[in-house]
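Step one of this worksheet: look at the structure below.
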Amino acid sequence: LPSSPKHQSTDQEKYGLLNVTKITENGKKIRKNWTSTWAVLQGWSLLFQGTGASWKFGGNQSKPEFNVDLKGATVEWATKDKSSKKNVLELKTITGTELLLQSDNDGWIKEWHVALCNTIGIPVPE
Ligand code: I3S
């Protein structure tokens, strides 16, 4: 067993449903638009795929998927002023895109938090 599993930054692979909205794009605040997505974490890539025909992500997103490069990104629990929802993670990319990730399922969102922290290489807060 690894001596420090919380710090491993090996390939994390995870996929499943997450509610997502962009809140900032290229450093500019944009209007929220919560969307149910199929999220796929593989290596440094986090891909969101629309689960319905009504896919619209952030501003003008014609393609029904959105990819996030996790290199240099940060993830933490969103503060209450960011959303009234529970279980909200805030993900900031190096290019100035900010996303909120949410699930009503406490265990599921914690799994995502751990996987994202491990990918990025930051310790998982207790
Ligand atoms: O941060 P905000 O503006 O209170 O976010 C809410 C809005 O995006 C709202 O849509 P309208 O732009 O049509 O008002 C959404 O329905 C809410 O879900 C957003 O807030 P939460 O707290 O759910 O993230």
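In table form, for the structure just shown:
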quantity: Count - residues of region 76-113 that are closer than 17 Å to residue 44 by Cα, open to solvent by less than 60 Å² (accessible area, probe 1.4 Å), hydrophobic (A, V, I, L, M, F, W, C) and away from the ligand (no atom under 14 Å from the Cβ); calculated: 2
quantity: Unique residue being within 13 Å of the chain's Cα centre (by Cα), at pLDDT below 95 and under 17 Å from residue 93 (Cα atoms) when the list is 57, 66; calculated: 66
quantity: Tabulated pairs, region 25-39, first more than 14 Å from residue 101 (Cβ to Cβ) and open to solvent by 70 Å² or more (accessible area, probe 1.4 Å), second in a strand (DSSP E or B) and more than 15 Å from the ligand (Cβ to nearest atom), C-beta under 9 angstrom, 6+ apart or interchain; calculated: none
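The values are calculated or read from the model by the stated rules, or taken from the named source; none is laboratory data. Model, not experiment: these values are computed from the prediction. Every residue, glycine among them, receives a Cβ derived from its backbone with ideal geometry; neighbour counts consider all protein chains shown. Heads up: the accessible areas ignore ligands, DNA and RNA and are worked out on the full protein's heavy atoms, side chains in. Shrake-Rupley method; radii C 1.70, N 1.55, O 1.52, S 1.80 Å.
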